[in-house]
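Visitor: What follows is a structure written as structure tokens; I'll ask about it next.
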Amino acid sequence: MIKQNKDGELIFIQPQKILQEIKFLHQELPSFVYSWAWEAKCVNALEKDDWLEQISELKVKFDSFIKAAGFVKRCEVYARKPFQIGKRLFNVRLVSYGSSNRKKMHIGPNQLAHAFDKLLFDYVFAFLETPKQTAKKIQLLIERAEMRENYLQLEQLKQSQKELLGQE
């Protein structure tokens, strides 16, 4: 759980430290996805198979631990600014997983999401994408949001498309 001061305010790890960890990990060995390791309090680099295995383990854990709620993808958002590693720019797509009951937090606000100025809860995975990958992914997400008539997500995606890619 994230620590609180005596007034009950959350104490977050400095975002710069988390961003530096991601840069270091990516320069040493680029990975498919990055997550926050709650127990170790550090960034964790995962390959695709490891990520899929972790999602499966979390689903089993949630199904046995929290009987009334399932484990679902909660949201998928982009960080507002590109993230620079060396000379390359990446767009950061954050995907949040947790209880299907939106009012229930399993662990709390995620440190990794906080480093990118987002407030997401429980399990968050950060995908580093090139602008070309982002353009394809955002277009796919926009089409899905239109099909589901999810207008709030549609507006957020169009805003991300405008900010990150300069497209309308």
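Visitor: Provide a single number: the residues in the range 20-44 that are in a helix (DSSP H, G or I), open to solvent by 70 Å² or more (accessible area, probe 1.4 Å) and in contact with a strand residue (DSSP E or B) (Cβ under 8 Å, 6 or more places away or on another chain).
Guide: Of the residues in that region, 1 qualify.
Visitor: Quick check on the range 158-167. Is at least one of its residues at pLDDT 90 or above and closer than 17 Å to Arg74 by Cα?
Guide: Checking the range 158-167: not a single residue is at pLDDT 90 or above and closer than 17 Å to Arg74 by Cα.
Visitor: Can you find a residue in the range 2-20 that is in contact with a Lys or Arg (Cβ under 9 Å, 6 or more places away or on another chain) and modelled with pLDDT of 90 or more?
Guide: no
Visitor: Conditions first: (1) in contact (Cβ under 8 Å) with a residue 60 or more places away in the chain; (2) open to solvent by less than 90 Å² (accessible area, probe 1.4 Å). Gln156 passes all but one, so which condition is the exception?
Guide: (2)
Visitor: Of the residues that sit in the range 45-61 and are at pLDDT 90 or above and either buried (at least 16 other Cβ atoms within 10 Å of the Cβ) or polar (S, T, N, Q) (or both), which one is farthest from Val72 (Cα to Cα)?
Guide: The extreme case among them is Ala45.
Visitor: Quick check, is Phe71 open to solvent by less than 60 Å² (accessible area, probe 1.4 Å) and touching a Gly at 6+ places or on another chain (Cβ under 9 Å)?
Guide: For Phe71, the condition - open to solvent by less than 60 Å² (accessible area, probe 1.4 Å) and touching a Gly at 6+ places or on another chain (Cβ under 9 Å) - is met.
Visitor: If you take the residues in the range 116-142 that are among the charged types (D, E, K, R) and open to solvent by less than 90 Å² (accessible area, probe 1.4 Å), which one is farthest from Gly86 (Cα to Cα)?
Guide: Only one residue tops the list, namely Asp122.
The values are calculated or read from the model by the stated rules, or taken from the named source; none is laboratory data. The model shown is predicted, which means the values in this text are computed figures rather than measured ones. Methodologically, a virtual Cβ is constructed for each residue, glycine included, from the backbone with ideal geometry; neighbour enumeration extends over all protein chains shown. Ligands, DNA and RNA are stripped out before the accessible areas are found, and what is left, the full protein with its side chains, is counted by its heavy atoms. Shrake-Rupley method; radii C 1.70, N 1.55, O 1.52, S 1.80 Å.
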